[in-house]
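Here the structure is laid out as structure tokens; the discussion comes afterwards.
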Amino acid sequence: MDNRRVTLAVTGASGAQYALRLLECLVKADVEVYFLISQAAQLVVATETDIKLPPKSQALELFLTQRYSAREGQIRVFGKQDWMSPVASGSGAPSAMVVCPCSTGSLSAIATGASNNLIERAADVALKERRKLILVPREAPYSTVHLENMLKLSQMGAVILPASPGFYHKPESVDDLVDFVVARILNQLGIEQNLLARWGE
């Protein structure tokens, strides 16, 4: 898998910290990121953090580039109706996509191939092209509908990686819990990480 370019989509579930930390780690690993964010996710970021993300794609791209000290062009932001973006087609999309966090509404839309916005379309492309698709749901409890959608997507080849941090690494802060999940995502992407030691190391 070419892990030099990744699509990162952020939807409206709780857990904005996971997405922002993942973006930071991807930039540090010199990965090019195609960044997609829903309106609901914008609200979650504003609610759960002290970060105020600009609503317009161009301004958001500049903001994220400066915040994470990314090189020029390393982070590219696309709007929800930007159907000409690379992620909308199998001929241009990266070989891996992460939806983090993944709301249960997005989970349902992806499972049914709705493709009503660019996040859903990008995930649909990943599935049809048999590319890596990692979904990070954050909900409690899961309903039967949620579980059925996760099973359906797993059978299609998606990786279901719930935002369920472990405690065997003896976390001392919320950041440690966030890093646990982000480390698991980076492992799935085949990207070197030093956030969490591998089991047995």
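Values quoted throughout were computed directly from the atomic coordinates according to the rules given, and no laboratory measurement underlies them. Everything quoted here is computed from the prediction, not taken from an experiment. With ideal geometry, Cβ positions are generated from the backbone for all residues, glycine too; neighbour counts draw on all protein chains shown.
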Of all residues in the range 90-108, which are within 12 Å of Thr7 (Cβ to Cβ) and polar (S, T, N, Q)? Ser95
Residue selected from the range 141-181 under the condition outside any helix (DSSP H, G or I) and of a type in the set (S, T, N, Q), by the criterion nearest to Ser106 (Cα to Cα): Ser143
Going through the range 1-30 in order, the residues found to be under 9 Å from the mean Cα position of the chain (by Cα) and closer than 19 Å to Gln58 by Cβ are Thr7, Leu8, Ala9, Val10, Leu23
Among the residues in the range 31-51, are any touching a residue at least 40 places away in the same chain (Cβ under 8 Å), surrounded by fewer than 17 Cβ atoms within 10 Å (Cβ to Cβ) and under 13 Å from the mean Cα position of the chain (by Cα)? no
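Just to be sure, is Gly73 surrounded by 13 or more Cβ atoms within 10 Å (Cβ to Cβ), on the phi > 0 side of the Ramachandran plot and not acidic (Asp, Glu)?
No; evaluated as a whole, the condition is false for this residue.
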Tell me, please, whether a residue that is in contact with a strand residue (DSSP E or B) (Cβ under 7 Å, 6 or more places away or on another chain), among the basic types (Lys, Arg) and not in a helix (DSSP H, G or I) can be found in the range 45-63. no
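Can you tell me how many residues in the range 4-44 are outside any helix (DSSP H, G or I) and not polar (S, T, N, Q)? So that I can check it myself, show each step before the final result.
The first filter runs over the range 4-44 and keeps only residues outside any helix (DSSP H, G or I), leaving 4-15, 29-38.
Next, from what is left, pick out any that are not polar (S, T, N, Q): 4-6, 8-10, 12-13, 15, 29-37.
Qualifying residue count, the range 4-44: 18.
With respect to Leu36, is the statement that it is within 30 Å of Pro141 (Cβ to Cβ) and in contact with a Ser or Thr (Cβ under 9 Å, 6 or more places away or on another chain) true? Reasoning before the result, please.
On the way: within 30 Å of Pro141 (Cβ to Cβ): yes; in contact with a Ser or Thr (Cβ under 9 Å, 6 or more places away or on another chain): yes.
Yes, satisfied.
Among what's in the range 15-30 and is surrounded by 13 or more Cβ atoms within 10 Å (Cβ to Cβ) and either out of contact with any strand residue (DSSP E or B) (no Cβ under 8 Å at 6 or more places or on another chain) or basic (Lys, Arg) (or both), pick the residue that is nearest to Lys80 (Cα to Cα).
Initial filter on the range 15-30 (surrounded by 13 or more Cβ atoms within 10 Å (Cβ to Cβ)): 15-29.
With the extra rule that they be either out of contact with any strand residue (DSSP E or B) (no Cβ under 8 Å at 6 or more places or on another chain) or basic (Lys, Arg) (or both), the set shrinks to 17, 20-21, 24-25, 28-29.
Details: Gln17: 21, Leu20: 19, Arg21: 22, Glu24: 22, Cys25: 24, Lys28: 26, Ala29: 26 Å.
Among residues in the range 15-30 that are surrounded by 13 or more Cβ atoms within 10 Å (Cβ to Cβ) and either out of contact with any strand residue (DSSP E or B) (no Cβ under 8 Å at 6 or more places or on another chain) or basic (Lys, Arg) (or both), the one nearest to Lys80 (Cα to Cα) is Leu20.
Output the residue which, of all residues in the range 161-174 that are in contact (Cβ under 8 Å) with a residue 12 or more places away in the chain and surrounded by fewer than 17 Cβ atoms within 10 Å (Cβ to Cβ), is nearest to the chain's Cα centre (by Cα).
First, the residues of the range 161-174 that are in contact (Cβ under 8 Å) with a residue 12 or more places away in the chain: 161-166, 169, 174.
After this cut, where a residue has to be surrounded by fewer than 17 Cβ atoms within 10 Å (Cβ to Cβ) as well, the list is 164, 166, 169, 174.
On the way: Ser164: 15, Gly166: 19, His169: 23, Val174: 19 Å.
If we take residues in the range 161-174 being in contact (Cβ under 8 Å) with a residue 12 or more places away in the chain and surrounded by fewer than 17 Cβ atoms within 10 Å (Cβ to Cβ), then Ser164 is nearest to the chain's Cα centre (by Cα).
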